[in-house]
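As structure tokens, the structure follows; a few thoughts come after it.
The values are calculated or read from the model by the stated rules, or taken from the named source; none is laboratory data. Keep in mind that what you see is a predicted model, and the values were worked out from it rather than measured. Every residue, glycine among them, receives a Cβ derived from its backbone with ideal geometry; neighbour counts consider all protein chains shown.
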Amino acid sequence: MGLYQSNVVLNLLVVVIAAVLITRYVITNFSTLFPWALHPCSQQCIDVYFKGPPKVTDPALLSMVKESYLTPPPANPDTTPFDIDEHVWNRLVDWNVMQENLKEIWKNQAPGVFVEVGVVDGEFMSQTLMLEKNYSWTGLLIEPDPRSFRILQERRRNAWTSPVCIHYSHPESKKYWLRDLEEELPDHFLQLLMARSKLADETLTGDEERGIYISVPCMPLSTLLLAANITSIDLLASATGVDKDEKRIKDVINSKTFDVKMLLLHFPTGRLFDDPYPYIPGYIIDMEHSTLLVKLYIRRSHCKLISNAQCKKMHHYDIKEACHKYLCFNFLTVWSYS
């Protein structure tokens with residue numbers, strides 16, 4: 001009996017000592033183990049771990065981004081009118097059809113503001129060049145491939161430019177794949193090859209040996225837009241050719257800080273095969289002006305601005321659980337999943 005009691009006391013003593021040591025360790029290393037629980041960084045850590053990219057509002061940080069990653073429009077931009085029919089690639093993925101549709105929508109509107117993600121050299125299949133040259137638009141052009149960005153600068157487009165990649169995460173350097181260029185190819189083939197460059201984790205299997213890897217700065221689109229003082233956007237285009245492009249810009253299109261009237265997204269064929277009408281919260285697909293691979297979305301609150309008439313929800317349409325069909329008068333038909 002005495003031996004049993006001794007063992008119990010010894011075990012209790014071991015437990016107490018272990019509890020004391022663990023408690024002391026936790027107290028000593030509290031800031032490392034539970035950084036989100038400290039008052040000075042509680043909100044920051046909640047945003048980091050649970051809400052995605054932080055809301056960047058620090059003036060010093062935005063000033064640094066503006067100084068390091070943004071180039072203002074040139075003093076003497078090239079204002080030569082742009083002919084959408086003069087390029088040999090004008091029919092790729094119905095690019096010319098989308099350009100005609102954009103002309104139809106915006107020809108009688110005041111000059112707008114665009115943002116184009118993945119603009120390549122600023123000419124090759126750019127969705128905003130015609131609006132800039134022929135309708136006096138301006139905005140922001142984003143291209144992380146240093147070869148394409150150098151040519152973009154030489155084109156003297158009337159817009160801010162930035163050599164970064166856009167991703168829905170915190171600012172960081174990421175591995176980027178540059179497609180090798182073949183010698184003695186026509187310019188439009190070189191443009192096509194440069195347009196294939198992308199982040200390393202988006203590279204197609206088997207392409208690794210056809211290019212090299214570099215590091216490029218990446219940041220949320222919201223950070224770049226705030227640094228450029230752009231919050232009202234008439235057309236936001238993203239044509240990187242990878243799946244779920246809308247996810248990389250959701251900090252902007254899902255934010256009340258930014259008013260994006262229209263989205264233009266180029267989806268890969270595989271994505272649309274499984275999901276022909278990708279859903280984007282707050283937006284409806286303009287079926288009249290979209291093409292097979294390039295979809296045009298309108299923010300619901302701006303539908304009447306595009307159709308020059310009142311938008312009205314007409315009736316329920318049964319596609320993929322709850323799908324609604326909307327009719328904007330003046331022949332603009334739009335669809336949306338609820």
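In the range 240-269, which residue that is touching a His at 6+ places or on another chain (Cβ under 9 Å) and assigned to a loop (DSSP other than H, G, I, E, B) is surrounded by the most Cβ atoms within 10 Å (Cβ to Cβ)? Among them, the one singled out is T240.
Residues checked against (1) modelled with pLDDT of 95 or more; (2) surrounded by 18 or more Cβ atoms within 10 Å (Cβ to Cβ); (3) over 23 Å from T291 (Cβ atoms); (4) out of contact with any Phe, Trp or Tyr (no Cβ under 6 Å at 6 or more places or on another chain):
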{"site": "V65", "(1), (2), (3), (4)": "no, yes, yes, yes"}
{"site": "P81", "(1), (2), (3), (4)": "no, no, yes, yes"}
{"site": "D85", "(1), (2), (3), (4)": "no, no, no, yes"}
{"site": "K103", "(1), (2), (3), (4)": "no, no, no, yes"}
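Answer with yes or no whether N76 is at pLDDT 85 or above, farther than 30 Å from L296 by Cβ and surrounded by fewer than 12 Cβ atoms within 10 Å (Cβ to Cβ). Yes. Within the range 249-286, being of a type in the set (A, V, I, L, M, F, W, C) and closer than 24 Å to P220 by Cα holds for I249, V252, I253, F258, V260, M262, L263, L264, L265, F267, I280, I284.
Give me the residue from the range 49-63 that is assigned to a loop (DSSP other than H, G, I, E, B) and touching a Phe, Trp or Tyr at 6+ places or on another chain (Cβ under 7 Å) and, out of that set, modelled with the lowest pLDDT. Restricting to residues being assigned to a loop (DSSP other than H, G, I, E, B) and touching a Phe, Trp or Tyr at 6+ places or on another chain (Cβ under 7 Å), the top hit is G52.
Counting residues in the range 127-142 that are under 17 Å from Y69 (Cα atoms) and among the basic types (K, R) gives zero. Note on the range 151-171: among residues that are touching a residue at least 40 places away in the same chain (Cβ under 8 Å) and of a type in the set (V, I, T), the one that is nearest to D121 (Cα to Cα) is T161.
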